1. Kindly indicate the residue of region 56-85 that is assigned to a loop (DSSP other than H, G, I, E, B) and within 26 Å of residue 179 (Cα to Cα) and also farthest from the ligand (Cβ to nearest atom) among those meeting that condition.
2. Go over the candidates 71, 53, 36 one by one and state the one that is touching a residue at least 40 places away in the same chain (Cβ under 8 Å) and surrounded by 15 or more Cβ atoms within 10 Å (Cβ to Cβ).
3. Restrict the check to region 89-97 and report whether at least one residue is loosely packed, with under 12 Cβ neighbours inside 10 Å and more than 8 Å from the ligand (Cβ to nearest atom).
4. Given the condition free of Cβ contacts under 8 Å to residues at least 60 places away in the same chain, near the ligand (Cβ under 10 Å from one of its atoms) and assigned to a helix (DSSP H, G or I), answer yes or no: does some residue in region 105-112 qualify?
5. Given (1) away from the ligand (no atom under 16 Å from the Cβ); (2) surrounded by 19 or more Cβ atoms within 10 Å (Cβ to Cβ); (3) touching a residue at least 60 places away in the same chain (Cβ under 8 Å); (4) not in a loop (DSSP other than H, G, I, E, B), identify the lone condition not met by residue 181.
6. Only one of these is assigned to a helix (DSSP H, G or I) and modelled with pLDDT of 95 or more: 140, 88. Name it.
7. Do the conditions hold for residue 191, that is, is it part of a loop (DSSP other than H, G, I, E, B) and either within 12 Å of the ligand (Cβ to nearest atom) or at pLDDT 95 or above (or both)?
8. Among (1) under 30 Å from residue 37 (Cβ atoms); (2) more than 16 Å from the ligand (Cβ to nearest atom); (3) in contact with a helix residue (DSSP H, G or I) (Cβ under 7 Å, 6 or more places away or on another chain), where does residue 133 come up short?
Ligand code: HEM
């Protein structure tokens, strides 16, 4: 491994980049409260990995969605485990991203010069919630169906654009096959395509500016 790295470094000078990334100096006094961002990142990677394996068997049609989930649970090797991680991971991500945001807020880490990291973070929060909302429908059971009926009805209450949002989400007036295909496309294509570059920007800013330490006592 070391030889491979040396071989690459001789040609691409990659060592300074990784040294800068992995051996950054941390401010004094930081503790477990500072780990929520990295924990969220870890769960995001977990969700992407388990999601890719679920996509091998999942079928996004009203006739087959629930059966494909049952097949994953009962026939696929480690299927229950992978689905379980993905299922609980989605709730875990919402909890961790909120904990991360509260840590940043209460420690004032959103202030100058980190406002842009915060703004990108707010968009990431809505995307994390979007992943949860679109993923919830995919098993196409009673709970998923009615939760999405309620969720999309709530979106309809938005002033002026409510009806438009409802139609974009459902793909028509009612919830049906088009809604399921749409939610699947949002869940596995649109949301990751927006979230992954934004997470990269978020992390770039964190590395570039360094983590803020605890407020100094006067
Ligand atoms: C997918 C979601 C997110 C991921 C993967 C993520 C990841 C990270 C990581 C790894 C750090 C550095 C370690 C830390 O301070 O905990 C960080 C810092 C930061 N994040 Fe996030 N984050 C996410 C969402 C958010 C949200 C929702 C906000 C706020 C609305 C936010 C605002 C910030 C800020 C301001 C910093 C800099 C903190 C400092 O310098 O002390 N992030 N993020």
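1. 63
2. The match here is 36.
3. Yes; the residues of region 89-97 include at least one that is loosely packed, with under 12 Cβ neighbours inside 10 Å and more than 8 Å from the ligand (Cβ to nearest atom).
4. Yes, some residue in region 105-112 is free of Cβ contacts under 8 Å to residues at least 60 places away in the same chain, near the ligand (Cβ under 10 Å from one of its atoms) and assigned to a helix (DSSP H, G or I).
5. With (1) away from the ligand (no atom under 16 Å from the Cβ); (2) surrounded by 19 or more Cβ atoms within 10 Å (Cβ to Cβ); (3) touching a residue at least 60 places away in the same chain (Cβ under 8 Å); (4) not in a loop (DSSP other than H, G, I, E, B) applied to residue 181, the lone miss is (2).
6. It is 88.
7. Working: part of a loop (DSSP other than H, G, I, E, B): no; either within 12 Å of the ligand (Cβ to nearest atom) or at pLDDT 95 or above (or both): yes.
No: the conditions fail for residue 191.
8. So residue 133 meets the others, but not (2).
The values are calculated or read from the model by the stated rules, or taken from the named source; none is laboratory data. No experiment lies behind these values; they were computed from the predicted model shown. Neighbour counts are summed over all protein chains in view; Cβ atoms, including those assigned to glycine, are modelled from backbone coordinates with ideal geometry.
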